[in-house]
1. Only residues in segment 103-120 that are within 18 Å of Ser63 (Cα to Cα) and free of Cβ contacts under 8 Å to residues at least 24 places away in the same chain count as the first member; pair them with residues that are assigned to a loop (DSSP other than H, G, I, E, B) and not small (Gly, Ala, Ser), Cβ under 8 angstrom, at least 6 apart or cross-chain, and list the lot.
2. Got a sec? Which of Leu94, Leu86 is within 15 Å of the chain's Cα centre (by Cα), closer than 19 Å to Ala49 by Cα and surrounded by 13 or more Cβ atoms within 10 Å (Cβ to Cβ)?
3. Of these, Tyr115, Tyr107, Tyr73, which one is of a type in the set (Phe, Trp, Tyr) and open to solvent by less than 50 Å² (accessible area, probe 1.4 Å)?
Amino acid sequence: MPQIKTSLSAGQMIRSILLEDEEVSARVTKIFPVDTTEARLPYIVYRRAGMEPRPTKSGRPASDWIQEEIYCYCASYTESVELAELVRNRLDNLVAEDCGYRISGCYLSDSEEGYENDAFIQKLVFSIKI
């Protein structure tokens, strides 16, 4: 019997969606969960940064809202912005289903940029309803 997935698995679904996008996958060497120290630029890191369960009156889960952070690491500033735009275009207003759970809402709720260890970084925060 397959394991029932919950919003805790949403990052894996987001990763699959980004890898299936031809423009995104053509620009990155890899997409990593949480963090990595062994990557070649450009690459993406994703992580769940928060979760807000929304139970029903019966105590059963109705939906969860999660915050998923997507970090785009690139050698140039322009390249980092272009990759972030591709990610946003793919994930904004996303509706998808996998293994019995459904993303019924996804929107960019925050972003910031930075520079670290010879990489320009675009951080995108998506609010996702599961």
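1. Note: pairs meeting the criteria are Cys106/Asp92; Cys106/Asn93; Cys106/Leu94; Cys106/Val95; Tyr107/Asp92; Tyr107/Asn93.
2. Checking each option against the conditions leaves just Leu94.
3. Among Tyr115, Tyr107, Tyr73, only Tyr73 is of a type in the set (Phe, Trp, Tyr) and open to solvent by less than 50 Å² (accessible area, probe 1.4 Å).
Table: residues versus (1) part of a loop (DSSP other than H, G, I, E, B); (2) under 25 Å from Ser7 (Cα atoms).
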| position | (1), (2) |
| --- | --- |
| Glu23 | no, no |
| Ala26 | no, no |
| Thr37 | yes, no |
| Ala49 | no, yes |
| Ser63 | no, yes |
| Tyr71 | no, yes |
| Ala84 | no, yes |
| Gly114 | no, no |
| Ser127 | no, yes |
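The values are calculated or read from the model by the stated rules, or taken from the named source; none is laboratory data. Since the model is a prediction, treat every value here as computed from it, not as a measurement. A quick note on method: Cβ atoms are made from the backbone with ideal geometry, for glycine too, and the neighbour counts reach across all protein chains shown. These area figures cover heavy atoms from the full protein model, side chains too; ligands, DNA and RNA do not enter into them. Shrake-Rupley method; radii C 1.70, N 1.55, O 1.52, S 1.80 Å.
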